[in-house]
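A.B. asks: Before I ask anything, let me first share the structure, which is written out below as structure tokens.
The values are calculated or read from the model by the stated rules, or taken from the named source; none is laboratory data. What you see is a predicted model, and the numbers here were worked out from it, not measured in a lab. Every residue, glycine as well, gets a Cβ built from its backbone with ideal geometry; the counts of neighbours run over all protein chains shown. Heads up: the accessible areas ignore ligands, DNA and RNA and are worked out on the full protein's heavy atoms, side chains in. Shrake-Rupley method; radii C 1.70, N 1.55, O 1.52, S 1.80 Å.
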Number of protein chains: 2
Amino acid sequence: MLESRKVFLVNAVLNYFSSLCPITPGFIQEIEKNLQPILVKKNKYVLSPIDNNDDVFFVVNGLVRGFIKDGGKEITTWISFGNEFIGAIQHPRENFRPSIEYLQALENSELVPMSRLFINRLYASYQETNVIGRKILGLQYYAASERSILARIPSAERRYEKFMELNSFDVSKVPLRCIASYLGMRLETLSRIRSKLVKDLA
Amino acid sequence: MLESRKVFLVNAVLNYFSSLCPITPGFIQEIEKNLQPILVKKNKYVLSPIDNNDDVFFVVNGLVRGFIKDGGKEITTWISFGNEFIGAIQHPRENFRPSIEYLQALENSELVPMSRLFINRLYASYQETNVIGRKILGLQYYAASERSILARIPSAERRYEKFMELNSFDVSKVPLRCIASYLGMRLETLSRIRSKLVKDLA
């Protein structure tokens with residue numbers, strides 16, 4: 001990756017942080033000195049349960065999903081379209097355990113990893129990090145609550161409609177099998193609902 | 001409620017906060033001056049969508065659930081056994097809208113409400129609030145992620161097993177119809193799974 005591209009991607013993280021809380025020169029310097037953006041090619045894993053679950057990732061652009069395996073089956077647990085932090089599920093008090101979630105790029109994705117150790121150092125040294133951290137966690141808590149409510153809607157059709165309502169993004173880039181497992185329905189059910197809705201619109 | 005009971009309940013909140021981060025005398029004073037614990041009787045609502053969704057609640061003891069209504073049906077979205085903060089889902093940037101979630105006490109429950117306005121004042125005046133806030137939101141984010149993953153496990157039996165594994169609490173106090181909708185299954189399915197597991201153990 002070109003040095004200038006790296007600078008651009010780290011700046012995207014800094015812009016995101018400063019949209020949440022004013023940041024100080026010392027904080028900016030730490031970020032610029034320590035973050036190393038990465039490009040993850042389409043279909044490659046960002047993280048799998050054989051990795052240590054030490055990092056969270058800012059998705060500058062691309063498409064990443066989280067999934068777990070249950071009896072050999074992949075179940076998509078979330079989908080990220082960028083401009084947010086992602087990570088595998090990890091209890092805040094039990095660091096450095098392997099993750100149960102896989103993170104996979106569904107498109108070429110530019111990410112900026114941040115280790116939990118580094119974040120803890122920022123928490124201890126720069127007060128603004130605590131404000132930024134609670135705002136990001138507030139957004140993530142809200143998103144996870146929405147995912148949790150969505151999956152509990154009994155009707156498959158209503159789940160799909162709610163999913164489309166919540167996501168203003170271009171969901172056409174997400175493979176249908178991922179959407180199906182995310183919505184807790186079989187692929188055939190999802191296809192049937194989609195054709196029905198297209199017909200209803202026609 | 002007796003004055004001494006109120007003091008006891010507010011102290012429970014202060015103990016919880018100080019287990020997360022050292023708190024200052026000014027912070028303690030604000031809490032003691034402003035919080036008014038409440039007792040919510042079994043089956044009564046703590047909050048419903050006709051209320052303003054202005055408060056979060058520390059559950060000192062009791063049993064509270066969140067639920068939504070979908071086509072007249074109640075769907076339990078979470079269950080709290082106490083010693084944590086609860087609230088109806090609310091986008092962090094869109095305050096003071098009515099909630100879509102109902103909060104209902106399933107047992108007599110002693111709660112300490114805190115308004116979002118009051119919390120924002122604490123954020124602005126006492127640095128430790130930001131540390132406490134991000135730690136609480138980290139715990140809530142983790143719990144919501146677990147709820148979200150749980151609901152996506154395809155097999156009803158595996159969902160029930162996972163639910164029992166995640167909850168070390170006395171789930172026998174929770175009405176079966178609440179557990180069934182929380183686990184996205186019909187009451188009959190839940191009863192069948194439970195009898196099967198009892199037989200397997202015998």
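A.B. asks: Put the label 7 Å from Cα along Cα→Cβ for B:Val198; what are its distances to the other copies, in nanometres, shortest first?
C.D. replies: Copy-to-copy label distances for B:Val198: 4.9 nm.
A.B. asks: If you place +1 on the Cβ of every Lys and Arg and -1 on the Cβ of every Asp and Glu, how big does the dipole about the Cα centre of the protein assembly as shown come out, in debye to the nearest 20? Kindly include the intermediate steps, with their values, before the conclusion.
C.D. replies: Values: 54 positive and 42 negative charges, 241 e Å.
Computed charge dipole of the protein assembly as shown: roughly 1160 debye.
A.B. asks: Mind pulling the angle between the C-alpha long axis of helix A:25-34 and the longest principal axis of chain A? Nearest 10 degrees, somewhere in 0 to 90.
C.D. replies: So the inclination is approximately 70 degrees.
A.B. asks: Which one, A:Ser168, A:Leu197, A:Leu187, is farthest towards the positive end of the dipole of segment A:154-202 when Lys and Arg carry +1 and Asp and Glu -1 on their Cβ?
C.D. replies: In segment A:154-202, that residue is A:Leu187.
A.B. asks: For segment B:41-133, run through the chymotrypsin sites (Phe, Trp or Tyr not before Pro) and keep only the ones in DSSP coil with at most 16 other Cβ atoms within 10 Å of their Cβ.
C.D. replies: Passing sites in segment B:41-133 are B:Phe96.
A.B. asks: Report, to the nearest whole %, how much of the accessible area of the protein assembly as shown belongs to carbon and sulfur atoms, 1.4 Å probe, protein only. Kindly include the intermediate steps, with their values, before the conclusion.
C.D. replies: Details: 10320 of 19890 Å².
C and S atoms contribute 52 percent here.
A.B. asks: Would you pull out the residues with amide H under 5 Å of A:Asp70's amide H, same chain only if 5 or more places away, H placed 1.01 Å from N?
C.D. replies: Those lying under 5 Å, H to H, from A:Asp70 are A:Ile75.
A.B. asks: What are the ³J(HN,Hα) values, in whole Hz, obtained from phi via the Karplus relation 6.51 cos²θ - 1.76 cosθ + 1.60 with θ = phi - 60°, for each residue of segment B:12-18 in sequence order, with x given for Gly and Pro?
C.D. replies: For segment B:12-18, the Karplus-derived couplings read 4, 5, 4, 4, 4, 4, 6 Hz, x marking Gly and Pro.
A.B. asks: Right, next: For segment B:3-150, compute the number of Lys pairs whose alpha carbons are separated by less than 21 Å, excluding pairs fewer than 8 positions apart on the same chain.
C.D. replies: 8
A.B. asks: Test of understanding: in a Gaussian network model of chain B with alpha carbons linked when under 10 Å, which of B:Val112, B:Val56, B:Val171 would top the mean-square fluctuation ranking?
C.D. replies: Looking only at B:Val112, B:Val56, B:Val171, the largest GNM fluctuation is found for B:Val171.
A.B. asks: Amide H neighbours of A:Asn53 under 5 Å, counting only residues 5+ apart in sequence or on other chains, H built in-plane at 1.01 Å?
C.D. replies: When sequence neighbours closer than 5 places are left aside, the close amide H contacts are A:Arg97, A:Ser99.
A.B. asks: Provide the per-residue ³J(HN,Hα) series for segment A:98-112, in order, calculated from phi with Karplus coefficients 6.51, -1.76, 1.60 and θ = phi - 60°, each as a whole number of Hz, with x at glycine and proline positions.
C.D. replies: Going residue by residue, I get x, 8, 8, 9, 9, 10, 10, 6, 9, 9, 3, 9, 9, 10, 10 Hz, with x marking Gly and Pro.
A.B. asks: Something else: In whole percent, what relative contact order does chain A give with Cα contacts below 8 Å and a gap of six or more residues?
C.D. replies: 22
A.B. asks: With θ set to phi - 60°, apply the Karplus curve 6.51 cos²θ - 1.76 cosθ + 1.60 along segment A:47-62 and write out the HN-Hα couplings as whole Hz, x wherever there is a Gly or Pro.
C.D. replies: In residue order, the calculated couplings are 7, 9, x, 7, 7, 6, 8, 9, 10, 10, 9, 8, 8, 6, 7, x Hz.
A.B. asks: What does the accessible area per residue of segment A:3-150 come to in Å², with a 1.4 Å probe and no ligands, DNA or RNA counted?
C.D. replies: Accessible surface, normalised per residue, equals 45 Å².
A.B. asks: Using amide H atoms built in the peptide plane, which far-off residues or other-chain residues are under 5 Å from A:Leu47 H to H?
C.D. replies: Placed amide hydrogens put A:Leu103 under 5 Å from A:Leu47.
A.B. asks: For B:Lys199, go through the lysines and keep the ones whose alpha-carbon is under 25 Å away, minus same-chain ones fewer than eight residues off.
C.D. replies: B:Lys162, B:Lys173
A.B. asks: Mind checking the dipole of segment A:36-151: about its Cα centre, +1 per Lys or Arg Cβ, -1 per Asp or Glu Cβ, Debye to the nearest 20?
C.D. replies: Values: 13 positive and 12 negative charges, 14 e Å.
The calculation lands at about 60 debye.
A.B. asks: Please give me, ordered by residue number, the trypsin sites (Lys or Arg not before Pro) of segment A:72-131 that lie in loop per DSSP and have at most 11 other Cβ atoms within 10 Å.
C.D. replies: A:Arg93
A.B. asks: Sticking with this structure for a sec: Rounded, prolate or oblate for segment B:154-202? Axes are the square roots of the Cα gyration tensor eigenvalues, ordered a ≥ b ≥ c, and the cut-off for rounded is a/c under 1.5.
C.D. replies: Rounded is the answer for segment B:154-202, as its axis ratio a/c remains below 1.5.
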